[in-house]
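Colleague: One structure coming up, written as structure tokens, with questions to follow.
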Amino acid sequence: MMSQMPQPKALSRCPSCEEPLEAADRFCGACGYDLSAVPAPPPDHPTIAMNDTPAGPPPADPSVDWPVAPEVDSADLPAPVHRATDIRGTDSGGSELPRPEHPHGDPAGVRPSVPKRSGGQPSGVRFDRPSEPDEYPLAPPAGEARTAEGRPVESPDPEIPADPRTGDLPAPPAGAKLCVACREGHVDLDGYCENCGHAQPRERDHMEQELGAVAAVSDRGLRHHRNEDAFAISSTALPDGSPAVVAIVCDGVSSATRPDEASLAASRAANESLLAALPLGTHPQQAMHEAIVAAAEAVNALADPSTAQGDHAPHVNAPACTIVGAVVTPALLIVGWVGDSRVYWVPVDRSSLPARLTEDDSWAAQMVAAGLMNEAEAYADERAHAITGWLGADAYELEPHTVSFKPDRPGVVVVCTDGLWNYAEAAEDMAEVVPLDAAERPLRSAQVLVGHALDGGGHDNVTVAVVPFPAPSQGAGSA
């Protein structure tokens, strides 16, 4: 009987031939290796999303010594000089972000306000991965299963589909794609092999792009059935002719409908908004705020209006994603975000300290900031990755965080989803895995960082953009 069969183990690659596997695979689609005898890997903790836990922002990384910078930015607009002790940043309206006292100081100047709820209404709870069974029942081939008396079972349970690997396969239609795993079955309209069930590579499973002054890589990872991350990179020129390099990274909320569409729409809308605003002389920080608003509107437009009820409908599973972005000029670094995707600063001179430039809109961050848990306890909790801010029609209030920085030394800006920073969370850990030549070879560095996440388990989609600072003059020009 099915209940007596060994339970499948979740593996990323076949122990026999190293072929990539899906979580529900019972046998390797390439060599037929029996996966039920392999010990299970450590459990994967799914990401969840909710926004009703009030608390202050979490503590920052150790102090970063950024000396005096010029008083005027590359757009010829006045901007404050920042040191490690006084860099605080402003929101998109020009108001200072709150900064509670902390014994380690506030090197990155990132103290976003806590997301608020409109009208005191309770928020919805969004789990970042839909509930799925641990296994999909599949009857053994006739003759393999046996009764209690040891006699072979000739007819499998009619309620359970027969193993497709043992059946006679119809001839594939003309022009049908053959499976990349078994090389026998043809691929159905949903992208799965009708013989072995192996999911076929999709266009977004692995993406790479390089524009000289910026590069990005995105990968499906080893556990997800599709890539729900997206990125957009580009460069343009400010009115004075100096370059501005843009990197946008979005992470789809898996429990939402069409999260891959949400992340793609958000990244494109934000990138287009920045490319339109920056050449007109809009201050980069204001341009970043407007870009996040444009991204939110693009995601909202994906929701089905027929299911909405009132201004907010938390029960409606609308498309949703997080967003993080950076604009790099010869003298100014602008960061903006909603959610828990991050930006890290890694100086070229590794004797200088790196820093995380964003603070997560997340349950764990708020628990730490409120003093209810230490960081180890908060991030070990199953609710650690509950996000308190996202883009989507069921988000109660959009509150973009934008911060400006003026580093006086060269470095690289790492813009990434939690699929990477889960394996290099602290700024020091991220700096250790960023190659020393990242400023000269951003694409290779992005590839190395994605590889680091995959080597660590690849439990989530992985996306990272690497942007050298300052923006080189040859990076100017629309792209």
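Colleague: What accessible area, in Å² to the nearest ten, does a 1.4 Å probe give for E397?
Modeller: Counting only protein heavy atoms, E397 exposes about 80 Å² to solvent.
Colleague: Counting heavy atoms of the protein chains only and a 1.4 Å probe, report the per residue accessible area for region 192-298 as a whole number of Å².
Modeller: Values: 3470 Å² over 107 residues.
Result: 32 Å² per residue.
Colleague: To the nearest 20 Debye, how big is the dipole of region 323-479 about its Cα centre, given +1 on the beta carbon of each Lys and Arg and -1 on that of each Asp and Glu? Don't skip to the end; give the middle numbers.
Modeller: On the way: 8 positive and 22 negative charges, 154 e Å.
In total the dipole reaches around 740 debye.
Colleague: Below 11 angstrom from the Cβ of P410, what's the summed charge of the other residues (Lys, Arg +1; Asp, Glu -1)? Provide the component values of the computation, followed by the final result.
Modeller: Numbers: positive: R409; negative: D349, D408, E440.
Net of charged neighbours comes to -2.
Colleague: Rounded if a/c is under 1.5, else prolate if a/b beats b/c, else oblate: with a ≥ b ≥ c from the C-alpha gyration tensor eigenvalues square-rooted, which is region 333-479? Don't jump to the answer; show the numbers that get you there.
Modeller: Values: a/c = 1.71, a/b = 1.43, b/c = 1.19.
Since a/c reaches 1.5 and a/b is larger than b/c, the shape of region 333-479 is classed as prolate.
Colleague: Please sort 414-422, 433-441 by packing, taking for each peptide the average over its residues of neighbouring beta carbons within 10 angstrom, highest first. Intermediate results must be reported in sequence, preceding the final value.
Modeller: Values: 414-422: 28.3, 433-441: 17.7.
Output ranking for 414-422, 433-441: 414-422, 433-441.
Colleague: At what distance in angstrom do the alpha carbon centres of region 399-428 and region 210-226 lie from each other?
Modeller: About 17 Å separates the Cα centre of region 399-428 from the one of region 210-226.
Colleague: Which shape class, rounded, prolate or oblate, goes with region 279-394 when its Cα gyration tensor gives a ≥ b ≥ c as root eigenvalues, a/c under 1.5 marks rounded, and past that a/b bigger than b/c marks prolate?
Modeller: Values: a/c = 3.14, a/b = 1.18, b/c = 2.66.
Taking the square roots of the gyration eigenvalues as a ≥ b ≥ c, region 279-394 is oblate.
Colleague: Something else now. Per residue, how much accessible area does region 384-479 have with a 1.4 Å probe, in Å²? It would help to have the intermediate numbers written out before the result.
Modeller: Values: 2920 Å² over 96 residues.
Averaged over the residues of region 384-479, the accessible area is 30 Å².
Colleague: A follow-up question, please. Just the accessible area for W363, please: 1.4 Å probe, Å², rounded to the nearest 10?
Modeller: About 10 Å², rounded to the nearest 10.
Colleague: Does region 400-479 come out rounded, prolate or oblate, given a ≥ b ≥ c as the square roots of the eigenvalues of its C-alpha gyration tensor, rounded meaning a/c under 1.5 and, failing that, prolate meaning a/b above b/c? Can you show the working numbers first?
Modeller: Values: a/c = 1.76, a/b = 1.56, b/c = 1.13.
Prolate.
Colleague: Ok, one more. With only Lys, Arg, Asp and Glu charged, each at its Cβ (+1 for the first two, -1 for the last two), find how big the charge dipole of region 219-297 is about the Cα centre; round to the nearest 20 debye. Intermediate values should be presented prior to the final figure.
Modeller: On the way: 5 positive and 10 negative charges, 41 e Å.
Value, rounded to 20: 200 debye.
Colleague: Going through region 311-396, which trypsin sites (Lys or Arg not before Pro) have at most 13 other Cβ atoms within 10 Å and a DSSP loop state?
Modeller: Values: sites: R342, R350, R356, R383; in loops: R350, R383.
Taking region 311-396 and a limit of 13 other Cβ atoms within 10 Å, the loop trypsin sites (Lys or Arg not before Pro) found are R350.
The values are calculated or read from the model by the stated rules, or taken from the named source; none is laboratory data. Predicted model, so just to flag it, every value in this text is computed and none were measured. Neighbour counts run over all protein chains shown; Cβ positions are idealised from the backbone, glycine included. For the accessible areas, the whole protein counts, side chains as well, though only heavy atoms, and no ligand, DNA or RNA atoms are used. Shrake-Rupley method; radii C 1.70, N 1.55, O 1.52, S 1.80 Å.
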